[in-house]
Amino acid sequence: AGDAADAFHRVNVEGTENLARLTARAGVRRFVFLSSVKVHGEASAGRALVETDPVMPVDAYGLSKAEAEKRLRIIATETGMEVVVVRPPLVYGPDVRANFLSLLRAVDLGVPLPLSSISNLRSLVYVGNLVDALGVCLSHPAAADRTFFVSDDHDVSTPQLVREIATALGEKPRLFPFPPALLRGAGLLTGRAEEIARLTGSLQVDISSIKTALDWQPPFSLQQGLAQTVSWYRSLRR
């Protein structure tokens, strides 16, 4: 929307701040905030991001999440309420929408995809793993006032993801080589530069902190998460 920045600010910043102040006033001991890897931007260069890396959002959504984190830390200082920040990468699972659903459909329909030349790594998190991590962050004593990345702990390239989706669907992946630089150029010409950048670029998160501090491991594998996602997807066609 044209006023997306204003809408994100009203919901993600002002809405979060209002809720946090009300909960602190009500005596709530801990507030868990679902932020986003987008507070760090859209890419990781050469290594997985860690929680202490610079916050450098590049879009209205990431900016709103970063500002909400700042305001929550102020509230924590003023009220003594514990705040836990969780920064997930792309979340998938039943009811997934946007680009992930488009990719599911393309693989299911056997659309040839010019993605086999892409060499990248991206972190994902199945919604079941995210919910499990949030539950641990609510209750574990060591989570207080910490920030954590969360993922499936299984980073994949875009062509690897297509192959995993195809396996879950019981289909053969239809991938062919195409220079990533030309893909990015096509994205600029067609107004889909951001979408192509996500397909060709890397965005990894290191989840060592939550694994070590909270003794957390993702209970579902990538393959299990994709199987649940595909089961939901097939239900749409019934």
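The values are calculated or read from the model by the stated rules, or taken from the named source; none is laboratory data. Source: prediction; values computed, not measured. When we count neighbours, we look across all protein chains shown, and the Cβ atoms used for this are built from the backbone with ideal geometry, even at glycine. Quick note on the areas: whole protein, heavy atoms, side chains included, nothing else; ligands and nucleic acids left out. Shrake-Rupley method; radii C 1.70, N 1.55, O 1.52, S 1.80 Å.
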Task: Rounded tilt (10° steps) of 180-190 against the dominant C-alpha axis of the chain - done: 80
TODO: On the full set of protein chains, 1.4 Å probe, figure out the accessible area of residue 35 and give it in Å² to the nearest 10.
DONE: 0
Open item on the list: Under 5 Å between amide hydrogens, which residues at least 5 positions from residue 122 or on another chain qualify, with H placed 1.01 Å from N in the peptide plane?
Closed with: 156, 157, 203
Open item on the list: Can you compute the helix-only [θ] at 222 nm over the chain? Use -39500 (n - 2.57) per DSSP H run of at least 4 residues, normalise by all residues, nearest 500 deg cm²/dmol.
Closed with: -14000 deg cm²/dmol
- [ ] Please find, in a Gaussian network model of the chain (springs between Cα atoms separated by less than 10 Å), the residue of 150, 131, 50 whose mean-square fluctuation is greatest.
- [x] 131
TODO: Please build a GNM for the chain, connecting alpha carbons under 10 Å apart, and tell me which residue among 226, 189, 199 fluctuates the most.
DONE: 189
Task: Degrees, to the nearest 10: 158-169 long Cα axis against longest axis of the chain - done: 80
TODO: For segment 1-59, report the accessible area per residue in Å² (1.4 Å probe, heavy atoms, rounded to an integer).
DONE: 57
Task: Relative packing of peptides 104-114, 169-179, 76-86 - highest average C-beta neighbours within 10 Å first - done: 76-86, 104-114, 169-179
- [ ] On the full set of protein chains, 1.4 Å probe, figure out the accessible area of residue 232 and give it in Å² to the nearest 10.
- [x] 30
TODO: Show the residues, 5+ positions off or on another chain, whose built amide H is closer than 5 Å to the amide H of residue 84.
DONE: 31, 32, 33, 145
TODO: Specify the angular offset, from 0 to 90 degrees and rounded to the nearest 10, of the alpha carbon long axis of helix 98-108 from the longest principal axis of the alpha carbons in the chain.
DONE: 30
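Percent of Cα-Cα pairs more than 18 Å apart in segment 55-196, please.
Working: 6771 of 10011 pairs.
Summing the P(r) tail past 18 Å for segment 55-196 gives 68 percent.
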- [ ] Tabulate in residue order the Karplus-calculated ³J(HN,Hα) for segment 62-75, using 6.51 cos²θ - 1.76 cosθ + 1.60 with θ = phi - 60°, rounded to whole Hz; enter x for Gly and Pro.
- [x] x, 4, 5, 5, 5, 5, 4, 4, 4, 5, 5, 5, 5, 4
TODO: Taking only Cα atoms and a 10 Å spring cutoff, compute GNM fluctuations for the chain and point out the largest among 149, 31, 100.
DONE: 100
Task: Candidate aspartates and glutamates - alpha carbon under 17 Å from residue 172, same-chain residues fewer than 8 apart omitted - done: 108, 164
Task: Compactness relative to 2.2 N^0.38 Å, alpha carbon Rg of segment 30-122 - done: 1.39
